[in-house]
Amino acid sequence: MAINIECPVCGNTSGKKVSAIVAAGTSSGTGSGSVYVNDEWHNVTTNVNTKTSLAVDLSPPPEPNSAVLSCIGTIGIIFSALTGIVSFMFLNSEDTGFAIGMMLFCWGLGAVLALLIRVGNAKVGKQLPLWERAMECWDQLYYCDQSDTVFNSVTNEHFPRSRWAMENYLESKSGFKLK
């Protein structure tokens with residue numbers, strides 16, 4: 001099956017692959033300079049990531065992940081367990097009721113956090129196939145700068161260039177929700 005890269009809006013045959021435009025319009029590096037704070041000059045270095053507005057509009061959907069939830073949840077579980085263990089050590093003290101209450105609260109909090117991690121990972125597991133389908137659709141897209149249109153090279157479906165239009169198109173084709 002031959003791929004038609006002619007723009008369905010204006011007929012221009014110099015359409016460019018969206019993935020190539022995003023790659024060319026994205027850069028990262030290190031920036032350095034000096035800042036004046038509290039009557040002193042300080043040297044600063046920072047990582048810099050930039051994208052052209054065209055690359056932002058045409059960017060692929062972000063891969064679903066639960067890394068932040070897992071990290072926060074794991075730290076919370078460890079903290080809850082340690083606090084529960086410390087509370088357990090005070091069971092022989094005068095205020096046994098407080099120690100038991102604190103221990104149960106901490107272990108309950110740890111259980112809730114573990115459940116949240118499990119739910120988050122399950123949600124990501126359901127979203128991953130939809131994201132893969134969205135990426136397949138995104139990989140078929142071309143951009144015509146003459147008509148400022150994004151189009152599917154296989155189906156000739158097209159839409160105006162905007163982040164909103166890109167998100168709606170990919171969601172309609174894959175079911176993957178970007179929001």
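Quick check on the stretch 151-163. Is at least one of its residues at pLDDT 75 or above and assigned to a helix (DSSP H, G or I)? Walk me through how you get there before you give the answer.
Narrowing the stretch 151-163 to residues at pLDDT 75 or above: 151-163.
Remaining after also requiring assigned to a helix (DSSP H, G or I): 163.
Yes, the stretch 151-163 contains at least one residue that is at pLDDT 75 or above and assigned to a helix (DSSP H, G or I).
Quick grid of which residues meet (1) of a type in the set (A, V, I, L, M); (2) at pLDDT 70 or above; (3) touching a Phe, Trp or Tyr at 6+ places or on another chain (Cβ under 7 Å):
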position	(1), (2), (3)
Val56	yes, yes, no
Pro61	no, yes, yes
Leu69	yes, no, no
Ile72	yes, no, no
Glu94	no, no, no
Trp107	no, yes, no
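For the stretch 126-146, name all the residues that are within 16 Å of Val22 (Cβ to Cβ) and either more than 19 Å from the chain's Cα centre (by Cα) or part of a loop (DSSP other than H, G, I, E, B) (or both).
The answer is Asp139, Gln140, Leu141, Tyr142, Tyr143, Cys144, Asp145.
Could you tell me which of the residues Ser80, Ser172 is in a helix (DSSP H, G or I) and modelled with pLDDT under 70?
Step by step, each of Ser80, Ser172 is checked, and only Ser80 is in a helix (DSSP H, G or I) and modelled with pLDDT under 70.
Out of the residues in the stretch 147-179 that are among the small types (Gly, Ala, Ser) and either in contact with a Pro (Cβ under 6 Å, 6 or more places away or on another chain) or touching a residue at least 12 places away in the same chain (Cβ under 8 Å) (or both), which is nearest to Ala20 (Cα to Cα)?
Restricting to residues being among the small types (Gly, Ala, Ser) and either in contact with a Pro (Cβ under 6 Å, 6 or more places away or on another chain) or touching a residue at least 12 places away in the same chain (Cβ under 8 Å) (or both), the top hit is Ser153.
The values are calculated or read from the model by the stated rules, or taken from the named source; none is laboratory data. Here the structure is a predicted model, which is why all the values come from computation and not from measurement. Cβ coordinates were reconstructed from backbone atoms using ideal geometry, including for glycine residues, and neighbour counts include every protein chain displayed.
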